[in-house]
Amino acid sequence: MTAISASTNIISPANERVYHQSNLLGDWKGKSTQGDQPIEFKVINIRGDQAQVEYTHNGHTERGFASVDGATITFGNVTIGTKNGTSAALEFSVGTAKWAAVLSKQSSTADQNQLVGSWSGLSRQNGQVASFNVTSVDGLNAQVKLTINGVVHQGTGTVYKNTIMFAGATISTNDGSNGNIVFQTGHKTYSVPVTKAKPSSSSSSSSVNKLA
């Protein structure tokens, strides 16, 4: 079976503010309370009330779309939720059969170096201007500065593979040179293609990249 490829997340600023849905993104692993079986649950992307997931149990992997409700995701008979983005509770329930598992998010090292840098672009289609400066990546956290149409947001974003989520916006890249910023203004969602500025060969980088 072909693995699902990651695509751009679309999480509303309201849901991110209230539920911190970006915390659900990532690769979660642990063991069930029934038989101490290894469990893995991957949340590949979240788009509104749907999430693309992979669920592995008893050596079998199921892939598909799950339902997103607040701070939880339900896929078939299992529901997963997290409060801190580091540990998660997974519950399985069919009739009277129930068991649970405590899962830990796995650190993602892939593609994090590619995200560090200054990204900017202009959408000729909708006239939106956006820039995103990633100064450092430390495990699942990134220090970022986001500017959309002149409005600046600065703080810590959440990293998952080749994507950073921050202030209701997402930036993603597949090659480390070209990317995309998706954000919401009012009731509309905009997408702006961006490119990363090439660093000066004479300057030394002070970025910290602890790929835990």
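For beta carbons closer than 6 Å, sequence separation of 6+ or different chains, a first residue in region 85-101 that is in contact (Cβ under 8 Å) with a residue 40 or more places away in the chain and assigned by TED's automatic domain parsing to the domain that holds residue 70 and a second that is of a type in the set (Asp, Glu) and assigned to a strand (DSSP E or B), the qualifying pairs are 100/91. Per the listing 110, 97, the residue uniquely modelled with pLDDT under 95, closer than 30 Å to residue 33 by Cα and loosely packed, with under 13 Cβ neighbours inside 10 Å is 97. Only one of the numbered conditions (1) within 24 Å of residue 144 (Cβ to Cβ); (2) not in a strand (DSSP E or B) is not met by residue 120, and that is (2).
With respect to the conditions (1) in contact (Cβ under 8 Å) with a residue 40 or more places away in the chain; (2) buried (at least 20 other Cβ atoms within 10 Å of the Cβ), residue 47 falls short on a single one, namely (2).
Reported count of residues in region 120-134, each being more than 18 Å from the chain's Cα centre (by Cα) and touching a residue at least 60 places away in the same chain (Cβ under 8 Å), is 9.
The values are calculated or read from the model by the stated rules, or taken from the named source; none is laboratory data. Every value quoted in this text rests on a predicted model; they were computed, and no experiment measured them. As a convention, Cβ positions derive from the backbone with ideal geometry for all residues, glycine included, and neighbour counts pool all protein chains shown.
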